[in-house]
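Taking it in order: structure first as structure tokens, then the write-up.
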Amino acid sequence: MKNARTLLFLAVAASVLVASAAFHSAAMSAAASASASLQSAQPAPSIASVLDRDISAVEKQIVDAADAMPEDRFNFTPESLNIPGSNYKGVRSFAVQVKHIAASNWFIWSPLPGDKLPEGLKDDGNGPANLQTKADIIKFLKDSFALGHKGAATLTAENMLQSPANSKSTRLHLAEFGVAHAYDHYGQMVEYLRMNGIVPPASRSKSE
């Protein structure tokens, strides 16, 4: 009787192990199938999507930094601090830094989609003089990045090394140069924020 019970126990245990193995195999197969389906559902990266992602990254940092500067400090310039041993005479104010980025975006990226420059925009590096309020300047900034996204969408593996009309640079160079230029001035915006006791949004902890 004891041997019969032992054999019955072993038979039941073996059945459980087999069932468990089959369930595990089925679960793994289902998970692999779901993962494959998810990957196949995501579009493959392209020249346009990679450049668009780069533009989005610098856009977020710059727009957030511009928004972080209070309205009453938007025209701040380090020259006003009179730091001993420094020489900030004639440097751009925070507002002009933002307008400069936006204006440069227009000049750099407009050849990609073939868009015309905003009326009255001059190539003096300072952006439109008539834009004075924080809200108007940030709108101008956001519009310039919208142009960047529009321009990035025109790039393909076939045309990225071609020059668009009214430009001697390749499409790829124009797209990435706009990003590099924006990051350069983002660094200056960060310093201006720090001089006003403001931690740049990108440098804040999640709890802030």
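The values are calculated or read from the model by the stated rules, or taken from the named source; none is laboratory data. None of the values given here were measured: they were computed from a predicted structure. Because the Cβ atoms are built from the backbone with ideal geometry, glycine has one as well, and the counts that use them run over all protein chains shown. Heads up: the accessible areas ignore ligands, DNA and RNA and are worked out on the full protein's heavy atoms, side chains in. Shrake-Rupley method; radii C 1.70, N 1.55, O 1.52, S 1.80 Å.
Considering only the range 149-167, I want to know if a residue exists there that is in contact (Cβ under 8 Å) with a residue 60 or more places away in the chain and among the charged types (D, E, K, R). No, every residue in the range 149-167 fails to be in contact (Cβ under 8 Å) with a residue 60 or more places away in the chain and among the charged types (D, E, K, R). Exactly one residue out of S80, S86, S49 is within 16 Å of E176 (Cα to Cα) and either in contact with a helix residue (DSSP H, G or I) (Cβ under 9 Å, 6 or more places away or on another chain) or surrounded by 10 or more Cβ atoms within 10 Å (Cβ to Cβ) (or both), and it is S49.
Restricting the range 163-198 to residues that are open to solvent by less than 50 Å² (accessible area, probe 1.4 Å) and not in a helix (DSSP H, G or I), the residue that is nearest to K150 (Cα to Cα) is P164. Across the range 133-162, the number of residues qualifying as open to solvent by 10 Å² or more (accessible area, probe 1.4 Å), closer than 19 Å to V50 by Cα and outside any helix (DSSP H, G or I) comes to 9.
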